[in-house]
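S.K.: Quick one: structure below, then a few questions.
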Amino acid sequence: MNKAKRAAVIAGNWKMNKTPSEAKALIEEMKPLVKDAGCDVVLCVPFIDIPAAVEAAKGSNIKIGAENVHFKASGAYTGEVSADMLTEAGVEYVVIGHSERRTYFGETDQTVNLRTLAALNAGLKAIVCVGETLEQRELGYTETLLKFQTKMALTNVTAEQLKNVIIAYEPVWAIGTGVTATAEQADEGNGFVRAAVAEVYGEDAAQALTVQYGGSMNAGNAEELLAKENVDGGLIGGASLKAKDFAAIVAAASK
Ligand code: PGA
């Protein structure tokens, strides 16, 4: 099975939650619960929590990620954080193009691409998010949109750099709503992403790509979603803020 070729990755996306001391406490609680994971375990945390999170995760199998990165190396970009700043702080992964950033902060397919390139050039692993709105789904544009977003995000990414890319299919209508895509919808969406990558990089590269599903994945539905051929992991919002729930998802991905 091709799934065996791909790294399973469960990544938490804390969004704008947890102070540094709360981050430390949550990671301490998670460490023993996920220590035997048979998948990669990542926590993407607010910028301000990064030092505390890196320190708390030291010596464990938990890797720390950021939730965004700017595309310039330095300069007059008030409020932004560069890829080099993240790597020096001990960050290994970064979420790029989350739908909340696209919706609330004017993120476009172009800036998603620039941020992806900046992250990869700095040696970070990029978790690039794509996904359709409910309206786009109902109009029948899901496949077209997912393929377009995927190809746009990967413009000028080399085949070698693609090895450090994870794509998270996150239907916008399923994020934070409690409405999860069915396992079939998740598998299909992830399959569209993989097909887009195959069109540009070839079938082997596409089969090696980790494609996560995200959107109300939780302890109860993770196993069914992760059993699907094209679902190689999850990007977890709400359920990553509770140690036991997150650990249950990690356990489901480790089977
Ligand atoms: P959710 O968020 O699990 O709370 O739906 C997922 C995400 O936004 O990455």
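S.K.: What are the residues whose amide H is under 5 Å from the amide H of Gly237, where those residues sit 5 or more places off or on another chain and H is modelled from the backbone?
M.R.: Asn13, Gly215, Ser216, Met217
S.K.: Pick out which of Gly97, Gly220, Gly237 has the largest mean-square fluctuation in a Gaussian network model of the chain, springs linking Cα atoms closer than 10 Å.
M.R.: Looking only at Gly97, Gly220, Gly237, the largest GNM fluctuation is found for Gly220.
S.K.: Here's something else I'd like to know. Based on the Kirkwood radius over alpha-carbon pairs, what is the Stokes-Einstein translational diffusion coefficient of segment 17-58 at 37 °C with 0.692 mPa s viscosity, in µm²/s? Before the final figure, lay out the partial values.
M.R.: Working: Rh = 10.5 Å.
The Stokes-Einstein estimate is 311 µm²/s.
S.K.: Could you list, bin by bin from short to long, the percent of Cα-Cα pairs of the chain in 5 Å steps?
M.R.: 1, 7, 15, 20, 21, 18, 12, 5, 1, 0
S.K.: Let me ask something additional. Can you pull a Stokes-Einstein diffusion coefficient for segment 32-118 at 20 °C (1.002 mPa s), Rh from Kirkwood over Cα pairs, as a whole number of µm²/s?
M.R.: On the way: Rh = 13.9 Å.
Answer from the Stokes-Einstein relation: 154 µm²/s.
S.K.: Please find, in a Gaussian network model of the chain (springs between Cα atoms separated by less than 10 Å), the residue of Ala222, Ala73, Ala205 whose mean-square fluctuation is greatest.
M.R.: Greatest mean-square fluctuation among the candidates belongs to Ala73.
S.K.: A further question follows. Using only the Cα atoms of segment 153-255, what are the Rg and Dmax in Å?
M.R.: 13.8, 40
S.K.: Before rounding to the nearest 500, sum -39500 (n - 2.57) across all DSSP H runs of length at least 4 in the chain and divide by the residue total; then give [θ] at 222 nm in deg cm²/dmol. List each step's numbers first, then the result.
M.R.: Values: 12 runs with 110 residues, N = 255.
The helix-only estimate for the chain comes to -12500 deg cm²/dmol at 222 nm.
S.K.: Over the chain, with a Gaussian network built from C-alpha contacts below 10 Å, which listed residue (Tyr93, Tyr104, Tyr169) shows the highest mean-square fluctuation?
M.R.: Tyr104
S.K.: To the nearest 0.05, what FRET efficiency results for Ala4 and Lys244 with a Förster distance of 25 Å applied to their C-beta separation?
M.R.: On the way: r = 28 Å, r/R0 = 1.13.
Rounded to the nearest 0.05, the efficiency is 0.35.
S.K.: Follow-up. Please arrange Asp109, Asp204, Asp232 by counting, for each residue, the other beta carbons lying within 10 Å of its beta carbon, fewest first. All intermediate terms of the calculation are to be shown ahead of the outcome.
M.R.: Details: Asp109 17, Asp204 11, Asp232 26.
Listed from fewest to most nearby Cβ atoms, that is Asp204, Asp109, Asp232.
S.K.: Please compute the modelled spin-label separation between Asn156 and Ile48, points set 7 Å along Cα→Cβ, answer in nm with one decimal.
M.R.: With each label placed 7 Å out from Cα toward Cβ, I get 3.3 nm.
S.K.: Still on this structure: Assuming 0.36 nm per residue, please report the length gained on full extension of the stretch Lys163 to Glu80 beyond their Cα-Cα distance.
M.R.: 27.3 nm
S.K.: What residues of segment 4-25 lie in the reach of a label at Asn61, counting those whose backbone N is under 19 Å from a point 7 Å from the Cα along Cα→Cβ?
M.R.: So the set is 4-13.
S.K.: Run the dipole for the chain about the Cα centre, Lys and Arg Cβ at +1, Asp and Glu Cβ at -1, nothing else charged, and hand back the magnitude in debye, nearest 20.
M.R.: Magnitude of the dipole: close to 440 debye.
S.K.: Another question about this same structure. Give me the three principal axis extents of segment 195-255 from the C-alpha atoms, as integers in angstrom, largest value leading.
M.R.: Its Cα atoms span 39, 21, 14 Å along the three principal axes.
S.K.: Per Stokes-Einstein, at 37 °C and 0.692 mPa s, what whole-number D in µm² s⁻¹ belongs to segment 97-224, with the Kirkwood radius over Cα pairs as the hydrodynamic radius?
M.R.: Translational diffusion coefficient: 223 µm²/s.
Computed from the coordinates by the stated procedures, all read-outs in this text should not be read as laboratory data. Bear in mind that the values here come from a model prediction, so they are computed numbers and not experimental data. For neighbour counting, all protein chains shown are included, and Cβ atoms are generated from backbone atoms with ideal geometry for every residue, glycine included.
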